[in-house]
Structures are given as C-alpha cells and as structure tokens.
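In what follows, a structure is listed as structure tokens, so that the remarks can point back to it.
Nothing in this text is a laboratory measurement; each read-out follows from the coordinates by a stated rule. Small disclaimer: the values here were computed from a predicted structure and weren't measured. Cβ atoms come from the backbone with ideal geometry, glycine included; neighbour counts cover every protein chain shown.
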Amino acid sequence: MAEQVATNVHWHDHSVTSEERKRLKGHKGCVLWFTGLSGAGKSTIANTVDHKLHALGKHTYLLDGDNIRHGLNKNLGFSAEDRAENIRRIGEVAKLFADCGVITLTAFISPYRVDRDNVRALLPEGEFVEIYVKASLETCEDRDPKGLYKKARAGEIKGFTGIDDPYEEPENAELILDSDGKGIDELADEVVAHLNQKGFLSL
Ligand SMILES: Nc1ncnc2c1ncn2[C@@H]1O[C@H](COP(=O)(O)OS(=O)(=O)O)[C@@H](OP(=O)(O)O)[C@H]1O
Ligand SMILES: Nc1ncnc2c1ncn2[C@@H]1O[C@H](COP(=O)(O)OP(=O)(O)O)[C@@H](O)[C@H]1O
C-alpha cells in the first residue's frame, strides 16, 4: 500500500452522507472487479453486465483498462510496480464511485493477488466482488483480437501477461466465469443473478 506523503492534510466528512446518496439511487454501491488474462473476456462481459444493469434502472459505471491507460494512468507501463500503482489508483477511484451508490465495474488484468487484495481491503466488507474471468491461455491466444499475443510470442512485446509475465489466479473469488465454455450473455446473466442474490440491487 502506498504511504501518505503529504502532512498537514485533514479528512473532511461530507455533509451529504453515503447513505443519503444510496437512498436517492435506490441501491447499494459495490465494485465488480473483473480480473483475468488479456482476451479472457473481461471487457466484453463487463460491458454486457453494465448494459443489463442499466436496463434494469441501476446506476453503474465501467472503468476499463485500455481507456484508463489513455488518461488517469497514462504515465504507467507494465512493470510490476506500475501495474501495482495502476490497480491502486483504480481501486481508489472505484471506492469513490461505490461510496455514492454506483455499481462500479472494472476490467483490468490485475495479475497480482496482493494488488487485488489491497483493493479489497480499501472497501467496506462485502463491497468488493472479485470476478475471475477464467479462460485458458490457448483460448486467449486463439482470440487475440489485438494481435498482442502474436507480438509477444515474436518477442516484440516483453513482459506480456501469460507469456513472459505472471498471472496469479484468484484464490477466493466471489465468482468464477467459465469463459472457455460459456458465451458472453450467459456469463453476464450469472453476474446479474449473483448481485441479485446477494442483495446488491436494492437497499
Ligand atoms: N505487457 C503487457 N501485458 C499485458 N497487457 C498489455 C501489455 N502491453 C499492453 N497490454 C495491453 O494493456 C491491457 C492491460 O492493461 P491493464 O491496465 O488491464 O493491465 S494491468 O492490470 O495493469 O496488468 C491489455 O488489454 P486487455 O486485453 O483488455 O486485457 C493489453 O491490450
Ligand atoms: N465467453 C466468450 N466466448 C466467446 N468469445 C468471447 C468470450 N468472452 C470474450 N470473447 C471474445 O474474446 C475477445 C476478447 O474479449 P475482451 O473482452 O476484449 O477480453 P479482455 O478484456 O479480457 O482482454 C473479444 O473478441 C470477445 O468478443
């Protein structure tokens, strides 16, 4: 976890409370943390869940890997340190969204267990929902929508997750999606059903 560097800064409580914000929205906030290899289906499934929840009248927002790396995190690369900082910042942003009752979806490889666990620790108990989008390396390489695996195999990209950089599988994910065996719509429905069952879609 990053240490606080600045001194003489003080926490201020908001005059509109987190509970009041949630009441206005009609449901709790949470973070749906999709993790998995590049090409596993994180982004596509998260987008489909986002659509389905929006259609149900829920307040959602999706923080997507490639997009965040064009803005907030454009100064970060793919070393272990930069990936940790990437995930830390996303975690802090997601926490703010969840605090005001938004169902926040994130789609990042987030390959290191400790980085994901640090985000879990940032959030109130039960609000971090780790969703492992599980697909074999073979499946991901076959899909290879951006041609990145091909480049990594050719040595044109170094430190590519799954090829010459690690991916640590979740040990206690709330949900595991079988992206080798099932289609996008079915997997998105599994996520919505989980949220419903756990009471995230109401107050
Ligand atoms: N070295 C290396 N390793 C893995 N991925 C790479 C790399 N270089 C570029 N890319 C592209 O960046 C996307 C992953 O970014 P993330 O922010 O999700 O990565 S991480 O969570 O910080 O590990 C990832 O996108 P997704 O396919 O959406 O996962 C890749 O398109
Ligand atoms: N369960 C699935 N079954 C079939 N194709 C999938 C599935 N999940 C994702 N895909 C396809 O695989 C490709 C990569 O998905 P994407 O969501 O970009 O992965 P990620 O965000 O994990 O890198 C896309 O073309 C997507 O349509």
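Measuring max minus min along each principal axis, the C-alpha atoms of the chain give extents of 56, 46, 29 Å (largest first). Note on K158: lysines with a C-alpha under 25 Å away, same-chain residues under 8 apart excluded, are K42, K74, K134, K146, K150. Taking a straight line from the alpha carbon of K198, these lysines sit under 20 Å away, with near neighbours fewer than eight places off in the same chain left out: K22, K25, K28, K52, K58, K95.
For the chain, the longest principal axis of the Cα atoms and the long axis of helix 42-55 meet at an angle of about 30 degrees.
What separates the Cα centres of region 173-195 and region 9-38 is a distance of 23 Å.
Among 2-12, 76-86, 45-55, how do they line up from the highest to the lowest mean number of other beta-carbon atoms within 10 Å?
Working: 2-12: 5.7, 76-86: 15.6, 45-55: 18.7.
Ranked from most to least packed, the peptides come out as 45-55, 76-86, 2-12.
What is the angle, in °, between the Cα long axis of helix 184-197 and the longest principal axis of the Cα atoms in the chain? Nearest 10 is fine, range 0 to 90. Once rounded, the angle reads 30 degrees. Summary of packing: across the peptides 66-74, 93-101, 114-122, the per-residue average of other C-beta atoms within 10 Å ranks them, highest first, as 93-101, 114-122, 66-74.
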